[in-house]
1. Which one of these is under 13 Å from Val98 (Cβ atoms) and of a type outside the set (D, E, K, R): Ala35, Ala9, Ala47, Ala26?
2. Within the stretch 87-123, can you find the residues that are hydroxyl-bearing (Ser, Thr, Tyr), in contact with a strand residue (DSSP E or B) (Cβ under 7 Å, 6 or more places away or on another chain) and touching a residue at least 40 places away in the same chain (Cβ under 8 Å)?
3. Taking interchain pairs and intrachain pairs at least six residues apart, which have beta carbon atoms under 9 angstrom, with the first residue in the stretch 14-25 and more than 12 Å from Lys58 (Cα to Cα) and the second open to solvent by 80 Å² or more (accessible area, probe 1.4 Å) and outside any loop (DSSP other than H, G, I, E, B)?
4. Hey, can you tell me all the residues within the stretch 64-75 that are in a loop (DSSP other than H, G, I, E, B) and open to solvent by 70 Å² or more (accessible area, probe 1.4 Å)?
5. Counting only residues that are touching a strand residue (DSSP E or B) at 6+ places or on another chain (Cβ under 9 Å), of a type outside the set (A, V, I, L, M, F, W, C) and either part of a loop (DSSP other than H, G, I, E, B) or within 21 Å of Ile83 (Cα to Cα) (or both), how many does the stretch 14-37 have?
6. Does the stretch 38-57 include one or more residues that are open to solvent by 70 Å² or more (accessible area, probe 1.4 Å), under 23 Å from Asp80 (Cα atoms) and at pLDDT below 95?
7. Which residue is most open to solvent (accessible area, probe 1.4 Å), if the candidates are limited to the stretch 99-119 and must be more than 15 Å from Ala9 (Cα to Cα) and touching a helix residue (DSSP H, G or I) at 6+ places or on another chain (Cβ under 9 Å)?
Amino acid sequence: MPLVIVDGANVVGSVPDGWWRDRAGAAIRLRDSLAPLPSTGLPGLPAPIEVVLVVEGKARDIPEDPSGIRIERAPASGDDTIIDLVRHHQGTRPITVVTADRGLRARATALGAEIRGPSAVPR
């Protein structure tokens, strides 16, 4: 099953909707907007897929939801947690990282992950 790892902070930050006033609330809205993806997939990546939302900082304590979106709480750097996930699953299944962060894109691509920008997922 393909794995889609969403860089929560980066995707939330790609929409100038006042997210900075309520980072946890913005992460919850993102989590909820991702809910259909495990059963609908993404363009070019048919369902079923596993979706992991990586959260950090003030968004770290958002609650789990029965939607099927797994929450990965970064103990420090969200980017490092994403790379740890890519390394853990490397070579076992297709991995897509959703981010616009250039440094993270380079690190993940070097490990064989596909990259998609924030507009690839509902926000």
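1. Checking each option against the conditions leaves just Ala9.
2. If the condition is that a residue be hydroxyl-bearing (Ser, Thr, Tyr), in contact with a strand residue (DSSP E or B) (Cβ under 7 Å, 6 or more places away or on another chain) and touching a residue at least 40 places away in the same chain (Cβ under 8 Å), then Thr96, Thr99 are the ones that fit.
3. That search, which allows pairs on different chains as well, returns Ser14/Ser119; Asp17/Arg29.
4. In the first step, residues of the stretch 64-75 are kept if they are in a loop (DSSP other than H, G, I, E, B); the result is 64-68, 74-75.
Glu64, Pro66, Pro75 - these are the residues of the stretch 64-75 that are in a loop (DSSP other than H, G, I, E, B) and open to solvent by 70 Å² or more (accessible area, probe 1.4 Å).
5. Of the residues in that region, 1 qualify.
6. no
7. So, considering only residues that are more than 15 Å from Ala9 (Cα to Cα) and touching a helix residue (DSSP H, G or I) at 6+ places or on another chain (Cβ under 9 Å), the one most open to solvent (accessible area, probe 1.4 Å) is Arg107.
The values are calculated or read from the model by the stated rules, or taken from the named source; none is laboratory data. As the structure is a prediction and not an experimental result, all values here were calculated from the model. As a convention, Cβ positions derive from the backbone with ideal geometry for all residues, glycine included, and neighbour counts pool all protein chains shown. Ligands, DNA and RNA are stripped out before the accessible areas are found, and what is left, the full protein with its side chains, is counted by its heavy atoms. Shrake-Rupley method; radii C 1.70, N 1.55, O 1.52, S 1.80 Å.
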